[in-house]
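Have a look at the structure below before the remarks.
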Amino acid sequence: MNVNLYHALGFAAGIIVTLLVFLLIRRIWLGKWRVRSEYDERQKAAQGVAYRNAFWTMVGYMMLGWGLNLFDVELSTSPLFLFVGVLLGVLVYAVSCILLDAYMGLNENPRRWVVVTAVIAAVNLVCALCNAHNSAVWTANLLCGLLLVAVLLAFGVRALLHPNREEDEE
C-alpha cells in the first residue's frame, strides 16, 4: 500500500471515530437524542439582525478580495482567503447573537456551552501546535481555535455586562 492510501484510511477512521465520540457525548450530556431550543420573539429578531450583519460582513470581505484582484493581488483566489471570509461571517454572527442575548434558547444552560466551546478551542489550538510542520492543517486549526477564543471572549464580555442574567437562567 502506498502512503496516500494509508493517509486516506487514517483520515476516514478519524472522521468515523470523531462522529461516534460526538454522538456518545451528546447522548450522555443531553440524556436524549433531540433537544429543541426555545427562542422568544426578541431572540428570533436579534438572530435575524446578527445574520444580516454576518452576511454584509462577508459581502464586504469578498468585495475587498475583488478589489485586491483588480490590482493583481492573487490573494482573493486562495482557499485560505475564502476560509477566512467564512470564519469572519461566523464570528460576526456568533458575537452579535451573544451580545444581543440570542445565542441560545430559553431552555439551555449557558455554562455547558461555554465549557464545550472552551474544550473545542483548546483541541484546535493543540492540534495547530502539533501540526506546525503542515501549513494548511496548522492554519485551519489555528484560525478555528482563534475564532472560538473570540466567541469565548464574547461570552465573557456578555457576562461582565449582564452579571445577574446568568443567575436568573439557572
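The values are calculated or read from the model by the stated rules, or taken from the named source; none is laboratory data. No experiment lies behind these values; they were computed from the predicted model shown. Positions of Cβ are backbone-derived with ideal geometry, glycine not excepted, and every protein chain shown enters the neighbour counts. Areas reflect the complete protein model, heavy atoms only, side chains present, ligands, DNA and RNA absent. Shrake-Rupley method; radii C 1.70, N 1.55, O 1.52, S 1.80 Å.
A quick yes/no check of all residues on (1) out of contact with any strand residue (DSSP E or B) (no Cβ under 6 Å at 6 or more places or on another chain); (2) on the phi > 0 side of the Ramachandran plot; (3) open to solvent by 80 Å² or more (accessible area, probe 1.4 Å); (4) at pLDDT 90 or above:
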position	(1), (2), (3), (4)
S76	yes, no, no, no
A94	yes, no, no, yes
L152	yes, no, no, yes
R158	yes, no, no, no
R165	yes, no, yes, no
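Each row is one residue, and each column tells you yes or no for (1) at pLDDT 85 or above; (2) in contact with a Lys or Arg (Cβ under 8 Å, 6 or more places away or on another chain); (3) aliphatic (A, V, I, L, M).
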{"residue": "I28", "(1), (2), (3)": "no, no, yes"}
{"residue": "G31", "(1), (2), (3)": "no, no, no"}
{"residue": "N69", "(1), (2), (3)": "no, no, no"}
{"residue": "C97", "(1), (2), (3)": "yes, no, no"}
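Of all residues in the stretch 128-145, those that are surrounded by 14 or more Cβ atoms within 10 Å (Cβ to Cβ) and among the hydroxyl-bearing types (S, T, Y) total 1. For the stretch 125-143, filtering for residues that are over 15 Å from V84 (Cβ atoms) and in contact with a Cys (Cβ under 8 Å, 6 or more places away or on another chain) leaves 1.
With respect to F155, is the statement that it is touching a residue at least 12 places away in the same chain (Cβ under 8 Å), touching a Pro at 6+ places or on another chain (Cβ under 9 Å) and under 30 Å from I25 (Cα atoms) true? So F155 fits the description; yes.
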